[in-house]
Structure formats: C-alpha cells, structure tokens
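The values are calculated or read from the model by the stated rules, or taken from the named source; none is laboratory data. What you are looking at is a predicted structure, and each value in this text was computed from that prediction instead of being measured. Every residue, glycine as well, gets a Cβ built from its backbone with ideal geometry; the counts of neighbours run over all protein chains shown. Accessible surface areas use protein heavy atoms only, side chains included; no ligands, DNA or RNA. Shrake-Rupley method; radii C 1.70, N 1.55, O 1.52, S 1.80 Å.
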Amino acid sequence: MHAGSIQVRLLGILVIGVVTSLIACSGGAAAPTSAPAQSVSGGIAVAVNPSSSRIGPGDTLSLTATVTGTTDTSVTWSVDGFQDGNATVGTLTGSGSTVTYTAPAAAGTHSVTATSNADSTKKASAAITIQAGVLVTVTPGSATLNSAATLTLTAAVTGTTNTAVTWTVDGVPNGSTTVGALAVTGNSAVYTAPLASGAHTVTATSVADPTQSGSSTLTVQAATTSVTGVIVAPNGVLGNPGTLAAPTTLEGARTIIQNASRTSPGVLRVLLRGGIYPRSSSFTLGSADSGSAANPVEWDA
C-alpha cells in the first residue's frame with residue numbers, strides 16, 4: 001500500500017475513489033440544568049436543582065430538593081421567605097422533594113428555598129428570574145459529543161404568538177463544517193459536530209424580537225485513539241465507535257479513520273458487514289482518507 005492511495009475490497013473487486021448508490025456484501029448481518037446550589041455543614045447537605053432559571057410570567061418550573069447526611073430527607077419549601085409562596089412572589093404546588101413553581105405576573109427575581117426538616121439551619125435556594133416579554137430557551141443547554149456525532153436541539157419561545165426562531169452556530173447561520181452544521185426544521189435543529197475538537201455555541205434568536213435569544217454550549221471531542229478495525233453495518237449509527245456491538249455508518253467510519261492516531265505502524269481497516277446499504281448520494285473517499293506505507297487504509301467486506 002503506497003502513500004496517497006486507498007484500497008477498497010468488496011467481493012474481490014478493487015474500487016478506488018467512490019462507492020455509490022448501493023453496496024451489497026456477502027456474509028452474516030450483524031438537558032440543561034445548572035449545578036445544584038448546596039449548603040453543607042455538620043454532615044447534612046441540601047441541594048436544589050436547577051439552582052437558577054429564567055422563565056416568563058405565569059410559566060411553571062419543576063424544582064427538586066436533595067438532602068444527604070440524614071435519614072430524614074424531607075424539606076419545607078418557601079419563596080422569598082413565604083412558605084409555599086403567594087401570588088406576588090410566585091406559588092409552589094406539590095409536596096415532598098419535588099414541587100412546581102408558578103411564576104407571578106410581574107417581572108423580577110425570586111428565591112425558592114428548600115429547608116431541611118432534620119436541621120432547619122441547612123437549606124439551599126434556587127434563583128428564579130421572571131422575564132416579561134419574549135423569552136427564548138434552548139434545550140439541552142449544554143452537551144458533550146464526539147466528532148461527527150449528532151444532537152437534537154429544541155427552542156421554546158414564550159411571550160409572543162410568533163414562536164419562530166433563526167439558528168446560528170458561533171454566529172454562522174445554520175453553522176458550517178468547521179463549527180458544526182445544523183439541519184433545521186422549525187424550532188428543532190439537528191447539530192452535526194465538526195471533526196476537530198472545541199467548544200461551540202448554538203443560538204436560537206426570536207423572529208418576533210431579535211434582541212431575545214437562547215443558546216446551548218456544545219463541547220466536541222475528536223477521536224485520538226489508534227484504530228485497527230472499524231465495523232460498518234446496514235444498521236450502523238453515525239457517531240457510534242464502530243465496534244461489533246455498536247457499528248457505525250460509511251460516513252462514520254470515514255471520520256474515525258481520518259481522526260485515527262498514526263503514531264504507530266499498522267493497517268487502518270474498515271470492515272463492512274453483510275447486507276444492503278441503500279444510498280441516496282455518492283460516498284466519496286478523497287486525499288484526506290489516504291493511507292501511508294506505515295498506516296495503509298483498507299476497506300474490506
């Protein structure tokens with residue numbers, strides 16, 4: 001195998017450059033929340049999750065309290081010092097460790113507090129900001145994913161009947177191959193991570209009020225481990241590691257091989273399991289997929 005070449009062996013036929021339309025092989029088929037606020041002393045700790053949130057007037061939010069260091073995990077809830085709140089600061093419904101907060105009509109910031117019944121000096125609070133007008137939130141608010149993996153993001157818009165949004169990645173409309181691309185369907189967008197590692201911000205901006213937006217921070221981790229065999233199967237999933245238990249797709253295998261470590265000699269091999277691979281577009285192998293004398297690249301059935 002010479003540098004700059006790609007070898008593809010399918011059913012004894014040498015194919016160079018492009019695998020198109022249909023590949024048949026013989027053989028067997030094979031959300032976001034902030035870190036909880038805590039109060040720790042004397043072995044008892046109280047946490048409220050989420051520890052901060054932004055919602056619109058009249059919106060609701062689920063809050064959960066966790067108590068550790070005691071067998072009595074019950075809590076008493078209050079809003080700005082008022083047990084169970086009121087119409088001015090917001091009300092709490094439910095009982096036990098999880099309650100639902102209903103925002104008041106006026107804008108402002110309120111503190112929802114869970115106090116341990118085992119020790120009233122142990123408590124934790126969540127800061128809830130009530131924002132009047134248009135509000136945009138994106139879920140999940142943060143995530144970590146591998147290069148070429150996909151993630152679905154959803155934008156919710158309140159305070160207006162026009163709930164449409166526009167999407168950007170690091171300021172680029174619908175993203176790019178460098179920062180990650182978005183396939184947008186209304187208020188839902190599927191993000192495909194770029195090959196290189198890094199952090200990127202996906203933002204949804206209100207069409208009704210372009211001054212209002214919500215965002216999600218995505219951390220991309222590029223593959224760096226040595227690869228000696230990547231498994232592709234008709235039921236493979238893009239973003240899978242390419243193992244027998246979790247096979248990947250043709251595009252996924254191409255990305256894994258491109259990012260594979262070449263610090264030690266050895267064949268970088270892609271193995272296609274038996275089955276039918278329907279294609280709606282051509283699959284191309286170019287110079288970026290090229291092997292070398294020390295690390296030849298092979299695509300085998």
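On the stretch given as the stretch 97-106, residues that are in contact with a strand residue (DSSP E or B) (Cβ under 8 Å, 6 or more places away or on another chain) and open to solvent by 30 Å² or more (accessible area, probe 1.4 Å) total 5.
Taking the criterion of being in contact with a strand residue (DSSP E or B) (Cβ under 7 Å, 6 or more places away or on another chain) and open to solvent by less than 20 Å² (accessible area, probe 1.4 Å), the residues of the stretch 251-265 that qualify are ALA253, ILE257, ALA260. Restricting THR248, THR203 to those that are at pLDDT 90 or above, more than 30 Å from GLY56 (Cβ to Cβ) and crowded, with 18+ Cβ neighbours inside 10 Å reduces the list to THR248.
Consider VAL232 carefully, then state whether it is within 27 Å of the chain's Cα centre (by Cα) and of a type in the set (A, V, I, L, M, F, W, C). So VAL232 passes the test.
Per-residue answers, yes or no, for (1) part of a strand (DSSP E or B); (2) among the aliphatic types (A, V, I, L, M); (3) closer than 27 Å to ALA208 by Cα; (4) open to solvent by 50 Å² or more (accessible area, probe 1.4 Å):
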position: ALA114; (1), (2), (3), (4): yes, yes, no, no
position: SER120; (1), (2), (3), (4): no, no, no, yes
position: GLY133; (1), (2), (3), (4): no, no, yes, no
position: THR178; (1), (2), (3), (4): no, no, no, yes
position: PRO194; (1), (2), (3), (4): no, no, no, no
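Restricted to the stretch 144-163, and to residues that are surrounded by 14 or more Cβ atoms within 10 Å (Cβ to Cβ) and in a loop (DSSP other than H, G, I, E, B), which residue is modelled with the highest pLDDT? That would be THR163.
Just checking, which of THR91, THR109, THR70 is in a loop (DSSP other than H, G, I, E, B) and open to solvent by 20 Å² or more (accessible area, probe 1.4 Å)? It is THR70. Against the criterion of being at pLDDT below 90 and either at negative phi or not acidic (Asp, Glu) (or both), GLY90 does not qualify.
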